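Asker: Would you mind keeping the following structure in view while I ask a few things?
The values are calculated or read from the model by the stated rules, or taken from the named source; none is laboratory data. Note that the coordinates shown come from a computational prediction; the quantities given were computed from them, not determined experimentally. We place every Cβ from the backbone using ideal geometry, glycine too, and count neighbours over all the protein chains shown. When the accessible area is computed, the model is the full protein with side chains, heavy atoms only, and any ligands, DNA or RNA have been set aside. Shrake-Rupley method; radii C 1.70, N 1.55, O 1.52, S 1.80 Å.
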Amino acid sequence: MPIADRVAVRLRVNGEEVAVMVPPYKTLLEVLREDLGLTGTKHGCELGECSTCGVLVDGRPYLSCLAMPLDLEGREITTVEGMADGSEPDPLQVAFAELGAAQCGYCTPAMLLTARALLDHDPHPTRDAIKEALSGVLCRCTGYLKIFEAVELAASRGRRHG
Amino acid sequence: MLRLPRLDYLRPRSVGEATELAAKHPGAMFIAGGTDLVPNLKRRQFNATTLISLNALPDGRLVEGDIHHGVTIGARVTLDELARHEMLGSPFRALAQACGSVSTPQVRYMGTLGGNLLVDPRCNYYNQTYSWRKAVGFCLKKDGDICLVARSSPRCWAVSSSDSAPAALALNAEVTLQGVEGTRRMAAAALYRDDGIDYTSKRPDEVITTIHLPAVEGRMTSAYWKLRRRPAFDFPILGVAVAITWDGGAVREARAALGAVASHPVDITSFLAPLEGARPTEDLIAEVAEAADKPSRPLDNTDLSHYWRKRMTKVYIERALRDACGLEPLGGRLTAQVRAGAG
Ligand SMILES: Cc1cc2nc3c(=O)[nH]c(=O)nc-3n(C[C@H](O)[C@H](O)[C@H](O)COP(=O)(O)OP(=O)(O)OC[C@H]3O[C@@H](n4cnc5c(N)ncnc54)[C@H](O)[C@@H]3O)c2cc1C
Ligand code: SF4
Ligand code: FES
Ligand code: FES
């Protein structure tokens with residue numbers, strides 16, 4: 001039996017049902033960026049070693065470079081494009097911008113989503129809990145302090161403001 | 001973009017179907033969380049043309065039983081769930097600690113216990129991209145014919161790098177495998193072979209369905225200690241799991257295993273015999289730890305120097321033993337010696 005060139009995959013991304021025809025061996029990262037045009041999800045090592053490709057699956061941080069789309073049918077996938085509520089950014093996005101928690105910005109989408117997952121499970125995390133939650137996402141620019149402070153600022157403001 | 005090779009992706013709905021598909025497609029591999037397999041495939045460390053996903057199976061996601069009757073863990077329970085599972089309290093803590101020490105939170109949300117037990121043994125010359133390996137020269141484990149670590153060796157010395165494997169040995173765990181020829185249950189230790197390539201006795205069509213932790217009689221404590229460069233990310237370059245059952249203040253039985261010092265998890269239980277029947281004093285623990293590092297023979301094929309990994313083995317055995325005995329893990333004599341040596 002020859003290997004299927006393309007298979008139909010139905011995903012739920014940022015609250016929308018999408019159907020794509022893709023090779024079955026494409027990772028979620030490739031499908032998001034190349035087939036769905038969602039380039040907010042970044043690619044770094046592509047081997048599970050940096051988490052810059054992080055997305056949320058059912059509210060938990062997943063590595064899209066290792067995740068296989070066919071296994072994610074029926075699950076809720078959130079990318080950084082899905083964080084804002086219409087034109088209103090997530091409080092984390094506001095806090096990151098205010099405090100300069102992004103420099104080159106490459107790790108920022110994954111940092112934001114990972115922090116979102118943390119705050120959704122633990123609205124007022126300790127500094128240690130923030131460090132642990134974000135420990136998988138490598139940032140080579142900020143030194144992390146501003147990121148921790150931005151998460152704390154967003155936590156202090158609650159889920160949505162305005 | 002580093003991509004997977006062309007392959008078929010099958011999603012069986014039962015374990016029976018999964019094993020039949022594996023038997024029908026030679027070279028097929030099972031995929032659970034994919035956190036070990038996908039990077040390895042991207043680096044072309046295997047020739048698989050078919051992946052058989054275990055993620056559409058209806059079972060394998062439960063933790064059942066209790067300390068007094070034994071605990072049964074589905075192979076697809078994630079490392080994150082196990083790291084914080086209430087059933088893995090005091091007696092089985094070593095397994096929770098081992099699962100919780102695997103890599104990053106992200107990998108622990110995705111990775112499963114079954115996959116963790118079967119991590120492909122690692123080596124600095126092997127866990128590299130195809131082009132890197134081609135440039136340096138391929139090795140015995142994939143595409144080549146010599147071992148680049150021990151050039152005159154007829155075998156591969158890739159390192160068993162699973163955190164849960166030594167914990168499973170120390171806790172006397174068993175695994176159930178289901179294949180086309182039937183179901184068998186074996187001691188966790190029997191899952192492994194001392195060979196960097198042919199590292200498991202599991203047949204290619206067999207699925208690990210469950211992991212069993214035996215019932216605990218009386219009081220039992222356990223601990224897992226892990227050496228690595230970056231605590232937030234890295235594979236173990238040494239792991240020590242210890243489990244002790246107690247008669248009052250005396251040790252009834254002590255079991256232990258080492259990870260990442262050989263191609264298989266190494267049982268060092270026989271070296272703990274002096275503890276049996278004794279009240280573990282500081283000195284006794286240090287003496288036992290000092291002798292129990294004998295089977296640790298790391299080679300120069302992982303992170304940090306093999307000299308240091310050997311040097312730290314007894315220190316980590318001491319820490320794990322002290323931890324399981326309720327003593328301050330870092331307060332022992334062997335830790336003090338390395339501190340003095342380093343200072
Ligand atoms: C950056 C990084 C760091 C890591 N650090 C660590 C670490 O510190 N410690 C550690 O132990 N591991 C580490 N890993 C390896 C891996 O993430 C974990 O071991 C994980 O538990 C593997 O589980 P999985 O479900 O993702 O396995 P998969 O990748 O899906 O599978 C691994 C192997 O097991 C087989 N398999 C899986 N489930 C079954 C089953 N039920 N029956 C039969 N065969 C099965 C697969 O065929 C494959 O051969 C790391 C990985 C990465 C990317
Ligand atoms: S131990 Fe030798 S044969 Fe095995 S992976 Fe390393 S270099 Fe290759
Ligand atoms: S790109 Fe996925 S972990 Fe680095
Ligand atoms: S801001 Fe540059 S990597 Fe984090």
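Asker: When a/c reaches 1.5 or more, the comparison of a/b and b/c decides; with that in mind, is chain B rounded, prolate or oblate per its Cα gyration tensor?
Answerer: Details: a/c = 2.07, a/b = 1.29, b/c = 1.61.
Oblate, since a/c reaches 1.5 and b/c is not below a/b.
Asker: Same structure, new question: Probe of 1.4 angstrom, ligands and nucleic acids ignored: what's the accessible area per residue over the protein assembly as shown, in square angstrom? Walk me through the numbers before you get to the answer.
Answerer: Numbers: 20640 Å² over 505 residues.
Per residue, the protein assembly as shown has 41 Å² of solvent-accessible surface.
Asker: Starting from the Cα gyration tensor of the range B:155-195, take the square roots of the eigenvalues, sort them a ≥ b ≥ c, and report rounded, prolate or oblate (rounded when a/c is under 1.5, otherwise prolate if a/b is larger than b/c, else oblate). Could the numbers behind the result be given before it?
Answerer: Numbers: a/c = 2.75, a/b = 1.35, b/c = 2.03.
The shape class here is oblate.
Asker: Counting only protein chains, not ligands or nucleic acids, how are A:ASP35, B:ASP120, B:ASP194 ordered by accessible area (probe 1.4 Å), most first? Can you show the working numbers first?
Answerer: On the way: A:ASP35 55, B:ASP120 10, B:ASP194 80 Å².
The residues order as B:ASP194, A:ASP35, B:ASP120, largest area first.
Asker: In degrees between 0 and 90, to the nearest 10, how far off the longest principal axis of chain B does helix B:306-324 point, with axes built from Cα atoms?
Answerer: With rounding to tens, the tilt is 60 degrees.
Asker: Starting from the range B:1-63, pick out the trypsin sites (Lys or Arg not before Pro) whose DSSP state is loop and whose Cβ has at most 15 other Cβ atoms within 10 Å. Each step should come with its number before you reach the end.
Answerer: Details: sites: B:ARG3, B:ARG6, B:ARG13, B:LYS24, B:LYS42, B:ARG43, B:ARG44, B:ARG61; in loops: B:ARG3, B:ARG6, B:ARG13, B:ARG43, B:ARG44, B:ARG61.
Counting only loop positions with at most 15 other Cβ atoms within 10 Å, the trypsin sites (Lys or Arg not before Pro) in the range B:1-63 are B:ARG3, B:ARG6, B:ARG13, B:ARG61.
Asker: Helix-only estimate, please: 222 nm mean residue ellipticity of the protein assembly as shown, summing -39500 (n - 2.57) across DSSP H runs of length 4 or more and dividing by its residues, to the nearest 500. List each step's numbers first, then the result.
Answerer: Details: 15 runs with 138 residues, N = 505.
Theoretical 222 nm ellipticity from helices: -8000 deg cm²/dmol.
Asker: Rounded to the nearest whole Å³, what is the per residue volume of the convex hull around the Cα atoms of the range B:176-228? Walk me through the intermediate numbers first.
Answerer: Details: hull volume 6.7 nm³, N = 53.
Dividing the Cα hull volume of the range B:176-228 by its residue count gives 126 Å³.
Asker: Okay, moving on. Among DSSP bridges having both ends in chain A, what percentage is antiparallel? Round to the nearest 5. The partial results should precede the final answer.
Answerer: Working: 14 of 16 bridges.
Expressed as a percentage, antiparallel bridges in chain A total about 90.
Asker: Which of the chymotrypsin sites (Phe, Trp or Tyr not before Pro) found in the range B:1-78 are loop residues per DSSP with 15 or fewer other Cβ atoms within 10 Å of their Cβ? Present the calculation step by step, with values, prior to reporting the outcome.
Answerer: Working: sites: B:TYR9, B:PHE30, B:PHE46; in loops: B:PHE46.
Those satisfying the criteria are B:PHE46.
Asker: How about the range B:148-216: which trypsin sites (Lys or Arg not before Pro) there lie in a loop by DSSP and see at most 12 other Cβ atoms within 10 Å?
Answerer: Answer in residue order: B:ARG151.
Asker: A further question on this structure: Return the carbon/sulfur percentage of the accessible area of the range B:1-67, one whole number, probe 1.4 Å, all protein chains in place. Please report the intermediate quantities before stating the final value.
Answerer: Values: 1400 of 2790 Å².
Carbon plus sulfur share of accessible area: 50 percent.
Asker: Report the equivalent ellipsoid semi-axes for the range A:52-141 in whole Å, largest first, defined as the square roots of five times the eigenvalues of the gyration tensor built from alpha carbon atoms. Please report the intermediate quantities before stating the final value.
Answerer: Numbers: eigenvalues 86, 45, 40 Å².
Semi-axis lengths for the range A:52-141 are 21, 15, 14 Å.
Asker: Work out which residues of the range A:39-67 lose at minimum 30 square angstrom of accessible surface when the other protein chains are put back, relative to the chain isolated, with a 1.4 angstrom probe, and list them by number.
Answerer: A:GLU46, A:LEU47, A:GLU49, A:ARG60, A:PRO61, A:TYR62, A:LEU63, A:LEU66
Asker: Using protein heavy atoms only (no ligands, DNA or RNA), what is the total accessible area buried between A and B, 1.4 Å probe, nearest 100 Å²?
Answerer: Working: alone 8420 and 15190 Å², together 20640 Å².
Rounded to the nearest hundred, the buried surface is 3000 Å².
Asker: Taking H as built 1.01 Å from N, whose amide H comes closer than 5 Å to the amide H of B:CYS147, not counting residues under 5 places away?
Answerer: Those lying under 5 Å, H to H, from B:CYS147 are B:LEU140, B:SER153.
Asker: If a/c stays under 1.5 just call it rounded; otherwise compare a/b with b/c (prolate if a/b is bigger, oblate if not). Do that for the range B:132-234, with a ≥ b ≥ c from the square roots of the Cα gyration tensor eigenvalues. Please report the intermediate quantities before stating the final value.
Answerer: Numbers: a/c = 2.70, a/b = 1.49, b/c = 1.82.
Taking the square roots of the gyration eigenvalues as a ≥ b ≥ c, the range B:132-234 is oblate.
Asker: Stokes-Einstein D for the range B:1-55 at 10 °C, 1.306 mPa s, Kirkwood Rh over Cα pairs, in µm²/s? Working shown, then result.
Answerer: On the way: Rh = 11.4 Å.
Answer, rounded: 139 µm²/s.
Asker: Considering only C-alpha atoms, what is the centroid distance from the range B:41-70 to the range A:38-111, in Å?
Answerer: Going from one Cα centre to the other spans 26 Å.
Asker: Note down the Stokes-Einstein diffusion coefficient of chain A in µm²/s, whole number, using a Kirkwood radius over alpha carbon pairs, 37 °C, and 0.692 mPa s.
Answerer: Values: Rh = 16.2 Å.
Translational D for this selection: 203 µm²/s.
Asker: Which residues of the range B:15-55 bury at least 50 Å² of accessible area once all protein chains are present, versus their chain alone (1.4 Å probe)?
Answerer: Buried-area filter returns B:LYS42.
Asker: Which angle from 0 to 90°, rounded to the nearest 10, does the C-alpha axis of helix A:108-121 make with the longest principal axis of chain A?
Answerer: 70
Asker: Kirkwood hydrodynamic radius for the range B:301-343: how many Å is it when counted over pairs of different Cα atoms?
Answerer: Numbers: mean 1/r = 0.0913 Å⁻¹.
About 11.0 Å, per the Kirkwood formula over Cα pairs.
Asker: Let me ask something else about it. Which order do B:LEU304, B:LEU177 take when ranked by solvent-accessible area (1.4 Å probe, heavy atoms of all protein chains), largest first?
Answerer: Values: B:LEU304 50, B:LEU177 0 Å².
So the residues, ranked largest to smallest area, are B:LEU304, B:LEU177.
Asker: If I build a Gaussian network model for chain B, linking alpha-carbon pairs within less than 10 angstrom, which residue out of B:LEU79, B:LEU284, B:LEU275 has the largest mean-square fluctuation?
Answerer: Largest GNM mean-square fluctuation: B:LEU284.
Asker: Same structure, new question: Enumerate the whole-percent occupancy of each 5 Å bin, from 0 to the last occupied one, for all C-alpha pair distances of the range A:3-82.
Answerer: 3, 17, 30, 28, 15, 5, 1
Asker: What would the Debye formula give as log10 I(q)/I(0) at q = 0.05, 0.07, 0.08, 0.09 Å⁻¹ for the alpha-carbon point model of the protein assembly as shown, no solvent?
Answerer: -0.20, -0.40, -0.52, -0.66
Asker: Relative to the longest principal axis of chain A, what angle (0 to 90°, nearest 10) does the C-alpha long axis of helix A:145-157 take?
Answerer: That works out to roughly 80 degrees.
Asker: Another one. What's the longest uninterrupted piece of chain B once you rule out the GluC sites (Glu not before Pro) that are loop residues per DSSP with at most 11 other Cβ within 10 Å?
Answerer: Working: sites that count: B:GLU181, B:GLU217.
Counting only loop sites that pass the neighbour cut-off, the longest clear stretch is B:1-180.
Asker: The range A:91-157: D in µm²/s via Stokes-Einstein (Kirkwood Rh, Cα pairs, 20 °C, 1.002 mPa s)?
Answerer: Details: Rh = 11.4 Å.
Value of D from the Cα-based Kirkwood radius: 188 µm²/s.
Asker: With each label point set 7 Å from Cα along the Cα-Cβ vector, what nm distance links B:ILE197 and B:LEU330?
Answerer: That separation, rounded to one decimal, is 4.4 nm.
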